[in-house]
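The next block holds one structure in the form of structure tokens; read it before the comments.
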Amino acid sequence: MIPVAPLALGLAGVVATVAGAVSLRRRSVDRRLGELVAIDAGRAATLRSTRYRLAGRPDVLLRAADGTLLPVELKHRPAPAGGPFPSHLVQLGAYCLLVEEATGRSPPFGVLRYTDREVRVAWDPGLRARVVGTVARVRERYDGRADPAPGKCRRCVWSDRCDASLATDGHRSQPARRVT
């Protein structure tokens with residue numbers, strides 16, 4: 001019979017070694033991108049834009065060799081096969097916009113760091129327009145319309161109270177209410 005304690009200790013050592021190697025690899029990638037400026041561990045400064053009435057805190061801020069700040073957003077999942085989700089792009093773009101507003105300098109790109117790889121996302125006029133448009137749409141008055149997905153409705157804890165729920169038979173549970 002194999003003693004369990006030494007086996008468990010050995011396994012814990014292997015796990016710690018792998019975790020350390022992953023951490024060192026990420027730090028070397030960070031050094032190539034730039035110097036670490038901030039990590040959002042509940043203490044990082046919040047970036048604010050009065051112009052866009054927007055605030056946020058990137059997971060990591062790096063300072064590139066030229067002094068430009070680069071936002072890094074950590075995602076705790078593998079990278080999507082078809083490329084970053086639109087919501088990930090808009091979130092990272094919002095951080096690029098906030099860095100630009102706070103420093104007066106546009107970051108050339110932001111980084112989406114997934115568990116299996118990193119994706120550099122160019123901060124370009126197209127992404128800027130998408131972010132500014134999204135911010136504008138969020139500011140509009142909600143008119144009561146919704147585009148629910150039946151699968152999400154079935155799993156939603158609010159479906160019994162939602163005016164747009166499709167949880168039961170694929171039809172709205174009650175007419176959508178207009179918000180005035």
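The values are calculated or read from the model by the stated rules, or taken from the named source; none is laboratory data. Predicted model, so just to flag it, every value in this text is computed and none were measured. Glycine also receives a Cβ, built like all others from the backbone with ideal geometry; neighbour counts cover every protein chain displayed.
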Would you point out which residue out of 157, 131 is at pLDDT 70 or above and either of a type in the set (Lys, Arg) or out of contact with any Gly (no Cβ under 9 Å at 6 or more places or on another chain) (or both)? 157
May I ask you to list pairs of residues, at least six apart or on different chains, whose Cβ atoms are under 9 Å apart, with the first in the range 65-87 being over 12 Å from residue 33 (Cβ atoms) and the second being hydrophobic (A, V, I, L, M, F, W, C) and not in a strand (DSSP E or B)? 73/92; 83/89; 84/92
If you go through the range 74-89 one residue at a time, do you hit one that is surrounded by 16 or more Cβ atoms within 10 Å (Cβ to Cβ) and assigned to a helix (DSSP H, G or I)? yes
Can you pull out the residues in the range 62-73 that are farther than 18 Å from residue 45 by Cβ and either in a helix (DSSP H, G or I) or among the small types (Gly, Ala, Ser) (or both)? 64, 65
Are any residues in the range 46-71 surrounded by fewer than 15 Cβ atoms within 10 Å (Cβ to Cβ), of a type in the set (A, V, I, L, M) and more than 17 Å from residue 108 (Cβ to Cβ), and if so, which ones? 55
